[in-house]
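To keep things clear, I will list the structure first and then write my remarks on it.
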Amino acid sequence: MRVSLFITCLSDCFFPRVGQAVVHLLRRHGCEVDFPLEQVCCGQPAYNSGYHEEARTAAKQLIRAFKNAQYVVSPSGSCAAMIRHYYPTLFAADDEWRDKAQQFADKVYEFSQFMVNILKVSSVDACYEGRATYHHSCHMMRGLGVSGEPLRLLQSIKGLEVVDLPYHQDCCGFGGTFAVKMKEISEQMVDEKVEHILATQANILVGSDMACLMNIQGRLRRLGYPVQVFHVAELLYEGVQRYESLQSSAI
Amino acid sequence: MSLSNPLPFKQRVEQGLNDPFLRQSLKNAQARFREGKQRAAQILGNLEEWRTRAEAIRHHTIEHLDYYLDQFATNVENNGGTVFFAETEQEAVDYLIRLAKAKQAKTVIKSKSMVSEETHVNKRLEEIGVEAIESDLGEYIIQLAKEMPSHIIAPAIHKNRRQIAQLFAEVAGKELPEDTSALTRFARHQLRDKFLNADIGISGCNFAVAETGSIVLVSNEGNARLTTTLPKTHVVMMGMERIVPTWEDLDAVLSLLPRSATGQKITSYVTALTGPRRENDQDGPEEMHVIIVDNGRSNALGTEYQSILHCIRCGACLNVCPVYRHIGGHAYGGVYTGPVGAVLTPILEGFDEWEELPYASSLCGACTETCPVKIPLHDMLIDLRRDEVDEKRSPGVERFIFRLFGTAMNNPALYRLGLKMAKHLLKPFADDEGFLNKGPGPLKAWTEERDFPAPAKESFREWWQRAGRYGGDPDGR
């Protein structure tokens with residue numbers, strides 16, 4: 001199966017290891033992976049701030065970059081939701097681009113959604129000792145309707161205890177420019193999220209959107225709480241490597 | 001409607017954030033209401049079907065609003081009532097004042113009506129020497145405190161027992177115990193006289209049934225029944241969108257309203273009124289006047305915002321909104337608070353006083369998910385932001401940044417260059433662990449309370465070109 005990666009701007013610039021983990025996990029499960037270099041940001045920052053013309057520019061470039069793709073996989077529920085949910089409406093009045101936008105939207109998947117629903121992988125050979133809790137990002141859970149898939153993958157990691165996050169349906173307070181524009185409110189929201197994470201006594205926080213995780217991690221660090229933060233793909237790949245080194249040392 | 005709290009938005013937010021009691025009580029209330037709604041939804045079993053049906057009814061009604069308003073008005077008149085269509089706040093209140101003068105009214109008793117808040121009825125009546133008393137306990141409390149409602153269904157949610165005891169003590173002229181039943185007993189005694197002596201009763205209207213010209217009121221205190229039956233004149237103030245075509249349609253929306261609001265199957269009282277007292281009736285008002293208010297609602301008709309008129313005022317969106325939980329209703333500045341207020345108020349009144357409201361959301365979508373009539377509230381917030389950008393209301397710096405963004409998006413080489421520049425620009429600010437705790441420019445606001453990651457030494461695309469495409473290993477953590 002041929003898979004084209006859409007590595008979001010955040011992951012590309014700040015968290016390349018998330019994209020790397022996705023590459024290696026997809027290859028392990030039989031995918032031929034490519035990364036169109038002409039890709040740009042999905043346009044969500046502009047779209048959510050009301051700059052829809054600029055969002056359309058980004059969308060067109062992304063559609064062009066992936067025009068030959070069979071499947072497009074992204075390590076972000078939020079960006080995948082942007083493309084699936086809003087691209088068709090962005091071009092609703094544009095005869096030339098409407099169908100292209102819809103066709104592109106139809107082949108975009110968030111990483112765990114693709115692993116579980118398309119590749120039919122719900123268990124990986126991985127091990128990682130720890131107590132983890134999972135943050136459901138709003139756009140992935142509500143916008144994309146994906147919530148069980150990443151948990152299924154996480155639960156297959158041996159040695160990892162996955163505990164429920166209280167009030168998991170509540171936003172972490174990121175919200176793109178909201179975090180800066182309405183920073184006082186955003187800070188209260190992330191503080192509450194931190195409180196809920198600490199209540200689980202987990203030492204690992206996992207999520208599927210680096211934007212939310214960047215927000216929560218930033219606050220956890222500032223307050224000095226030693227909770228490790230991982231993207232699902234990253235933790236899975238780390239676990240796979242550990243599992244493999246255990247296997248080889250056993251031989 | 002104009003700003004009920006004249007402070008700038010940021011200061012209103014600050015007031016909310018700095019009120020620990022308010023925040024604790026909103027937190028508790030949200031937990032209780034959310035749990036209640038979930039339980040009610042489970043018992044109902046097929047909430048999605050109900051939502052779909054209710055949405056279809058609301059959609060159909062608003063699409064044919066002129067027809068149903070006409071049918072409703074005709075039936076009210078056939079039942080012996082009087083109907084007045086008020087296009088503006090001014091027209092609505094002028095009608096009421098003319099009526100009060102004609103009746104030589106001294107006092108008016110009111111049962112919670114958001115439209116009367118919207119049109120500042122109490123203040124206007126006071127100006128002509130008519131005393132208007134709120135009979136809903138929550139409304140009575142905030143009236144004494146000279147405040148606005150801070151929640152759609154629980155207007156005094158932000159007040160504690162001690163504050164209420166103090167407000168009541170001023171009326172009583174003596175100390176009162178801070179005890180719930182004693183305080184409600186006091187309010188009941190106070191209000192009983194007012195009910196008996198009021199010249200006019202003003203009520204809101206949860207739903208108006210077009211096929212019979214009936215008004216339906218939902219309450220837990222019974223005050224609506226006294227307001228609408230004791231005084232000789234009953235005035236209904238309703239938004240023009242409160243119509244349902246038939247009693248069967250009412251069943252769907254009425255089943256969802258209390259379940260979505262508080263988790264109740266039904267409220268203590270559901271009152272239906274069809275016209276004033278008839279010849280052989282023992283009681284009831286002699287006259288019934290229905291003021292049907294537009295006041296900006298038709299701004300939404302025929303636009304992409306039309307479905308905001310589907311709202312049944314259950315407050316479910318307030319009960320799940322994290323922003324509302326932290327800042328409280330008064331920070332929104334208007335009569336309608338929370339996500340629905342952030343959408344509705346600028347539509348009713350334009351952006352001049354309400355520019356910030358569409359941005360008072362992280363776009364988490366909890367409001368849209370919970371809305372019993374499926375209004376896409378968070379999508380509407382994005383569309384309102386787009387309208388503000390189109391009207392050039394957004395800050396100049398922001399416009400500049402997004403113009404740059406647009407240029408870079410059209411030119412992948414420029415985009416790559418931008419990412420590379422960001423890496424070099426931010427490098428000097430990073431600590432040993434690769435985090436910024438004091439960022440430059442737009443990062444300043446972020447790093448006041450949060451660390452910010454420095455860009456990676458090697459970006460994903462650099463790794464891909466160097467090693468990844470050839471099957472190379474990723475970097476360790």
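Overall dimensions of segment B:409-451, expressed as equivalent-ellipsoid semi-axes from the Cα gyration tensor (√(5λ), whole Å, largest first), are 24, 12, 7. Per residue, segment A:93-251 exposes an accessible area of 39 Å² to a 1.4 Å probe, with every protein chain left in place.
Cross-link reach is defined here as a Cα-Cα straight distance under 26 Å, omitting same-chain residues fewer than 8 places apart; for A:Lys181 the lysines meeting it are A:Lys193, B:Lys10, B:Lys27, B:Lys392, B:Lys420, B:Lys423, B:Lys427, B:Lys438, B:Lys444.
The stretch between B:Lys103 and B:Glu63, if pulled fully straight at 0.36 nm per residue, gains 10.6 nm over its current Cα-Cα span. Here the relative contact order of chain A, from alpha carbon pairs under 8 Å that lie six or more residues apart, stands at 20 percent.
Estimated from the Cβ-Cβ distance and a Förster radius of 35 angstrom, the FRET efficiency linking B:Gln282 and B:Ala31 is about 0.20.
Here segment A:35-84 and segment B:288-304 have alpha carbon centers that stand 39 Å from each other. Kindly compute the accessible surface that chains A and B hide from a 1.4 Å probe when together, both sides summed, and give it to the nearest 100 Å². Answer for the A-B pair: about 6700 Å² buried. For chain B, the share of alpha carbon pairs falling in successive 20 Å distance bins from zero is 21, 49, 21, 8, 1 percent. Based on the Stokes-Einstein relation at 37 °C and a viscosity of 0.692 mPa s, and on the Kirkwood radius from alpha carbon pairs, segment A:5-64 is assigned a translational diffusion coefficient of 259 µm²/s. For a paramagnetic label modelled on B:Gln166 (point 7 Å from Cα along Cα→Cβ), amide N atoms under 19 Å away belong, within segment B:126-156, to B:138-150, B:156. Stokes-Einstein diffusion for segment B:62-299, with the hydrodynamic radius set to the Kirkwood value over Cα pairs and evaluated at 37 °C in a medium of 0.692 mPa s, equals 179 µm²/s. Using Cβ point charges alone (K and R +1, D and E -1), the dipole size of the protein assembly as shown about the Cα centre works out to roughly 1760 debye. Partners of B:Lys37 within straight-line reach, counting aspartates and glutamates whose Cα lies under 12 Å from its Cα and excluding those fewer than 8 residues away in the same chain: none found. Under 20 °C and 1.002 mPa s, how fast does chain A diffuse according to Stokes-Einstein, given a Kirkwood radius computed over C-alpha pairs? Answer in µm²/s, whole number. Result for D is 115 µm²/s. For segment B:396-470, give the percent of accessible area contributed by carbon and sulfur heavy atoms, probe 1.4 Å, rounded to a whole number. Accessible surface attributable to carbon and sulfur in segment B:396-470 totals 61 percent.
In summary, the aspartates and glutamates within cross-link reach of B:Lys194, defined as a Cα separation below 14 angstrom excluding same-chain residues under 8 places away, comprise B:Glu131, B:Glu134, B:Asp136. Amide H contacts for A:Asp34 (H built 1.01 Å from N in the peptide plane; partners 5 or more residues away or on another chain; cut-off under 5 Å): A:Val3, A:Ser4, A:Leu5. Averaging the sequence gap over all C-alpha pairs within less than 8 Å and six or more residues apart, then dividing by the number of residues, gives segment B:396-470 a relative contact order of 21 percent. Give me the distance between the Cα centres of segment B:66-131 and segment B:11-47, rounded to whole Å. Taking the Cα centre of each part, segment B:66-131 and segment B:11-47 sit 33 Å apart. The heavy atoms of B:Lys37 present about 30 square angstrom of accessible area, all protein chains included, probe 1.4 Å. Overall, chain A carries a charge dipole of about 280 debye about its Cα centre when +1 sits on the Cβ of Lys and Arg and -1 on the Cβ of Asp and Glu, all other atoms neutral.
With protein chains left intact and a 1.4 Å probe, residues in segment B:396-470 average 58 Å² of accessible area per residue. Note: the protein assembly as shown, Cα convex hull, 166 Å³ per residue.
The values are calculated or read from the model by the stated rules, or taken from the named source; none is laboratory data. A quick note: this is a predicted structure, and the numbers were derived from the prediction, not measured. We place every Cβ from the backbone using ideal geometry, glycine too, and count neighbours over all the protein chains shown. Side chains included, ligands, DNA and RNA excluded: accessible areas come from the protein's heavy atoms. Shrake-Rupley method; radii C 1.70, N 1.55, O 1.52, S 1.80 Å.
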